[in-house]
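Remarks on the structure that follows.
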Amino acid sequence: MNEIDYLPIAALNQYGYCPHRCWRMFCAGEFVDNHYTIEGTNLHSRVHSVGEGIREDVEQIRAIWLKSEQYKLIGKSDLIETVDGQWYPVEYKRGRKGEWDNDELQVCAQALCLEEMTGKTIRCGYIYYASSYQRQFVEISPELRGLTLATIAEVANLFATGAMPKPSYSPRCR
């Protein structure tokens, strides 16, 4: 594997869902779009219209790059909001809440980047599930931070070694 400077935040999400899938996408370059990923791309193309605004006393910043030197992370945010000096990331997803914590990993990684970029502690974030039009609250707890840091280390090792994780077949594989 080539040495990389930064880990894509999206790789943490994929790894949390399935390490083998993450390897296929980011190490082997074997990603193929399907109707689910195309729907997700369309959702993100709408939310990724660069800009700022204020909506009901909430400042919103769309489609900005987040970066952490400490954790060697980089990724594009869907939405960052501020209310009364508190910052939080909002990640958009096409589907609905699943049984896995991979979306929360992505929000926490975005929070780690925001903390470094703003110098403020990020206490929460949200995941907006487009199919239900609902936001899910994500507490950036010590446990989630620990899980995110462990996942960062695992993904960094995966990228450094290029070693293919064994597939673990489940209903998610469909």
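The values are calculated or read from the model by the stated rules, or taken from the named source; none is laboratory data. Fair warning: this is a prediction, and the values are worked out from it, not measured in the lab. Heads up: the accessible areas ignore ligands, DNA and RNA and are worked out on the full protein's heavy atoms, side chains in. Shrake-Rupley method; radii C 1.70, N 1.55, O 1.52, S 1.80 Å.
How many percent of the accessible area of region 70-174 is carbon or sulfur, using a 1.4 Å probe? Walk me through the numbers before you get to the answer.
On the way: 2930 of 5630 Å².
Summing carbon and sulfur atoms, their accessible area is 52 percent of the total for region 70-174.
Per residue, how much accessible surface does region 66-174 expose to a 1.4 Å probe? Answer in Å², no decimals.
53 Å²
Using the structure shown, select from LYS72/LYS97; LYS67/LYS120; LYS76/LYS97; LYS76/LYS120 the pairs with a Cα to Cα distance greater than 25 angstrom.
LYS72/LYS97
Nearest-5 percent of antiparallel DSSP beta bridges in region 85-146?
Values: 6 of 10 bridges.
Here the antiparallel bridges make up roughly 60 percent for region 85-146.
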